[in-house]
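Worksheet: the structure to be examined is printed underneath.
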Amino acid sequence: MSGLVDALLIVVAVVVVIARQFRASRIDTGRRWWLLPVVLAVVALREPGLVDAHHRTASVALLTAELLTGLAIGAGWAWTSRIWTEQDGAVWSRSTKASGAVWAVGIGLRVGLFALGAVLGVHQDSSALLLALAATLLVRSGILVGRANSQRPAAAPAPAYGEPVFRSTGKERV
């Protein structure tokens, strides 16, 4: 039953991520952007079947390749996402067509890794895919938060006591 629950969790997570990918979303650097990837990683690591006991070396090599693929997909996804700053200072992001291509290549690589494992006779559990998805989301979120922090305008220093305060009317005079 655990494998079925893991597979269902992976499908739900991927559907939510892909569905939200092309919608504009606000990047909130104050929230716990790392929480979902950590929860996914804990769920993946709780199972002992992450590494095949009969093919330990091949299994670890496939798991390493899966994690590196996840990290690369997360980085590619983050760097191909468009970010912009609104007038109120909020930073927003939305994935581009290039982000969709990154996802397509990533899915292709993961299918290839699964096929290679099947040819080698390595038992592959869904926890490896879940762990790679956690790595993807963690890297993507971390890069986007870093990009968002670099997009935010520096706060204007508060005037010292006794200095005149200039209030903006929202329109520049010419």
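Ranking G112, G76, A65 by how far each Cα lies toward the positive end of the dipole of the range 46-114 (charges on Cβ) leaves G112 at the top. For the range 1-141, the fraction of 1.4 Å probe accessible surface lying on carbon and sulfur atoms is 69 percent.
Rolling a 1.4 Å probe across the protein heavy atoms gives the range 1-70 an accessible surface of 65 Å² per residue. In the assembled protein chains, S141 presents an accessible area of approximately 30 Å² (probe radius 1.4 Å). Net charge dipole, the range 1-116: roughly 280 debye, given to the nearest 20, about the Cα centre with Cβ charges of +1 for Lys and Arg and -1 for Asp and Glu.
Ratio of Rg to Rh for the range 91-131: 1.18 [Cα atoms; Kirkwood radius as inverse mean 1/r over pairs]. Here W92 sits with roughly 80 square angstrom of accessible surface, probe radius 1.4 Å.
The convex hull drawn around the Cα atoms of the range 1-132, when projected onto a plane and averaged over every direction, covers 8.6 nm². Please report how far the C-alpha centroid of the range 51-79 lies from that of the range 100-114, rounded to the nearest whole angstrom. After rounding, the separation between the Cα centres reads 12 Å.
The values are calculated or read from the model by the stated rules, or taken from the named source; none is laboratory data. Since we're looking at a predicted model, the values are computed, not measured. With ideal geometry, Cβ positions are generated from the backbone for all residues, glycine too; neighbour counts draw on all protein chains shown. To get the accessible areas, we keep the full protein, side chains included, count just its heavy atoms, and leave off ligands, DNA and RNA. Shrake-Rupley method; radii C 1.70, N 1.55, O 1.52, S 1.80 Å.
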